[in-house]
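In what follows, a single structure is set out as structure tokens and then discussed.
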Amino acid sequence: MYEFISENAERSTLNAQSSTLNSALDVERWALDVRSQIVRSPENFAAFRRSLVRWHRDHGRDLPWRRTRDPYAILVSEFMLQQTQVATVIPYYNKWLRRFPDLALLANASENEVLRAWQGLGYYARARNLRVAAKTIMLRYGGKFPRAIDQMRQLSGIGKYTAHAVASFAFNQSVPIVEANTARVLTRLFNLRESTDSNTGRKKLWQHAASLLPKSDAATFNSALLDLGALICVARKPKCDVCPVKAFCLAKNPAALPVRKARPQTKQLVEVHALIVRSGRILLEQSRHRWRGMWILPPLQPDFLEQPNFRRPVYESVFPFTHHLVTLSVYRRPAPKRIAPGQQWFGSIEEIAMPSPHRRAIDALLDADFSVQHEQHESSGNGS
Ligand code: SF4
């Protein structure tokens, strides 16, 4: 168990005794020793929690998923918040709960409906997992959301953090949470030097998070820790001068924490797709890979660009995808005599699930009245 030390108290003790030490290294070692020795009193935990929760009462974020204890709604928010900023999530969350207000409605929806509602948030596996989890809860638990963490963790897409977040925010169970914001705060509070990507680093973070947790009202405490990471203990320039728990913080160089493995370099990718329009309908293909289940412009073979007479693309855009920057190039192509398996003609794309880069491409091309041009082009027999 650790405790925190007031910075001022530590400084005065250091001033009084460091004169007996021989070198800067001695002083450094001794200071660390003092810290770890003083780290034993539970009152400091209580003082830390009080400072944090008091600050949160006045400055915490008012987020829509904090106004409910419905575990389903909280689960939706947690899935959406993975890899996505709060400001982006809020309108999606509100719209989602109007469209699928409970587990039963989500469990009965088609995959296309669910992906369509998720469209624009990216990382579509989250939407598929959410639907599968809803189906499992309906079948296995008669629609009653399980309270036990090990039961939650058997549901599709629910890992340790998500299960703990639902247990804490919906059921007020006294369990710790560690995600990007809280991990950053904890590494700084405890001056952790281990990489947060390593097993040891992760294990320590969960231990520290557990050590700070109050026995009651863990939901408020965990929300406060999240907000501290989001508003004060931010990644690049932590606002230590206004931090409510500065007196308890052991970080010497907070901006250098947390330590992480180097990120893989961004790779460039070019993806080539066809725009094929006939009689006011567009040909699309159901993706089996990155956007599984969603409709995309039919992919062209990689050797298409090596053909001598291909024309310029009618549309190009660049979008990020994990560690890639993908250039989407769209070429107009004539309608095939027979469409391939997984392909279908659509008169309207309004109700179908499409990844945003492909929907934007089609919107831009159809805005340019491309279908008319293309059909004229086709009828002139020049379909390169
Ligand atoms: Fe983060 Fe600075 Fe507060 Fe420490 S004092 S918790 S580094 S903001």
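Suppose the filter is more than 30 Å from Cys233 (Cα to Cα), in contact with a Ser or Thr (Cβ under 8 Å, 6 or more places away or on another chain) and surrounded by 14 or more Cβ atoms within 10 Å (Cβ to Cβ); does Asn112 pass it?
Working: more than 30 Å from Cys233 (Cα to Cα): yes; in contact with a Ser or Thr (Cβ under 8 Å, 6 or more places away or on another chain): no; surrounded by 14 or more Cβ atoms within 10 Å (Cβ to Cβ): yes.
Criteria not met by Asn112.
Out of curiosity, is Asn112 in contact with a strand residue (DSSP E or B) (Cβ under 9 Å, 6 or more places away or on another chain) and outside any loop (DSSP other than H, G, I, E, B)? Working first, answer last.
Numbers: in contact with a strand residue (DSSP E or B) (Cβ under 9 Å, 6 or more places away or on another chain): yes; outside any loop (DSSP other than H, G, I, E, B): yes.
Yes: the conditions hold for Asn112.
Go through the stretch 136-154 and give me each residue that's touching a Leu at 6+ places or on another chain (Cβ under 9 Å) and surrounded by 15 or more Cβ atoms within 10 Å (Cβ to Cβ).
Result: Thr136, Ile137, Met138, Phe145, Pro146, Met152.
Please count how many residues of the stretch 188-205 are in a helix (DSSP H, G or I) and either within 16 Å of the ligand (Cβ to nearest atom) or over 23 Å from the mean Cα position of the chain (by Cα) (or both).
Taking the stretch 188-205 first, the residues in a helix (DSSP H, G or I) are 188-189, 199-205.
In the following step, the residues that additionally are either within 16 Å of the ligand (Cβ to nearest atom) or over 23 Å from the mean Cα position of the chain (by Cα) (or both) were identified as 188-189, 205.
Within the stretch 188-205, residues that are in a helix (DSSP H, G or I) and either within 16 Å of the ligand (Cβ to nearest atom) or over 23 Å from the mean Cα position of the chain (by Cα) (or both) number 3.
In the stretch 247-260, how many residues are under 19 Å from Leu205 (Cα atoms) and either more than 26 Å from the chain's Cα centre (by Cα) or near the ligand (Cβ under 10 Å from one of its atoms) (or both)? So that I can check it myself, show each step before the final result.
First, the residues of the stretch 247-260 that are under 19 Å from Leu205 (Cα atoms): 248-260.
Filter once more, so that each one left must be either more than 26 Å from the chain's Cα centre (by Cα) or near the ligand (Cβ under 10 Å from one of its atoms) (or both): 248-255, 257.
So the answer is 9.
So which residues in the stretch 156-178 are within 19 Å of Val76 (Cα to Cα), away from the ligand (no atom under 16 Å from the Cβ), part of a loop (DSSP other than H, G, I, E, B) and out of contact with any Pro (no Cβ under 8 Å at 6 or more places or on another chain)? Outline the logic, then answer.
Step one: filter the stretch 156-178 for residues within 19 Å of Val76 (Cα to Cα), giving 156-173, 177-178.
With away from the ligand (no atom under 16 Å from the Cβ) added as a condition, the list becomes 156-173, 177.
Those left that are additionally part of a loop (DSSP other than H, G, I, E, B): 156-159, 170-173, 177.
Listed by number, the residues that qualify are Ser156, Gly157, Ile158, Gly159, Asn172, Gln173, Ile177.
Checking Leu284 against (1) under 30 Å from Glu113 (Cβ atoms); (2) touching a helix residue (DSSP H, G or I) at 6+ places or on another chain (Cβ under 7 Å); (3) buried (at least 19 other Cβ atoms within 10 Å of the Cβ), only one condition comes out false. Which one?
Of the numbered conditions (1) under 30 Å from Glu113 (Cβ atoms); (2) touching a helix residue (DSSP H, G or I) at 6+ places or on another chain (Cβ under 7 Å); (3) buried (at least 19 other Cβ atoms within 10 Å of the Cβ), the odd one out for Leu284 is (2).
Suppose the filter is within 16 Å of the ligand (Cβ to nearest atom) and either part of a loop (DSSP other than H, G, I, E, B) or over 23 Å from Ala262 (Cα atoms) (or both); does His208 pass it? Walk me through how you get there before you give the answer.
Values: within 16 Å of the ligand (Cβ to nearest atom): yes; either part of a loop (DSSP other than H, G, I, E, B) or over 23 Å from Ala262 (Cα atoms) (or both): yes.
When the stated conditions are applied, His208 passes them.
Hey, can you tell me all the residues within the stretch 218-246 that are near the ligand (Cβ under 10 Å from one of its atoms), closer than 15 Å to Arg57 by Cα and among the β-branched types (Val, Ile, Thr)?
Ile232, Val245 - these are the residues of the stretch 218-246 that are near the ligand (Cβ under 10 Å from one of its atoms), closer than 15 Å to Arg57 by Cα and among the β-branched types (Val, Ile, Thr).
Bear in mind these aren't lab numbers, they're just calculated from the coordinates by the rules spelled out. Nothing here was measured: the structure is a model prediction, and the numbers come from that model. Note that we place each Cβ from the backbone using ideal geometry, even for glycine, and neighbour counts take in every protein chain shown.
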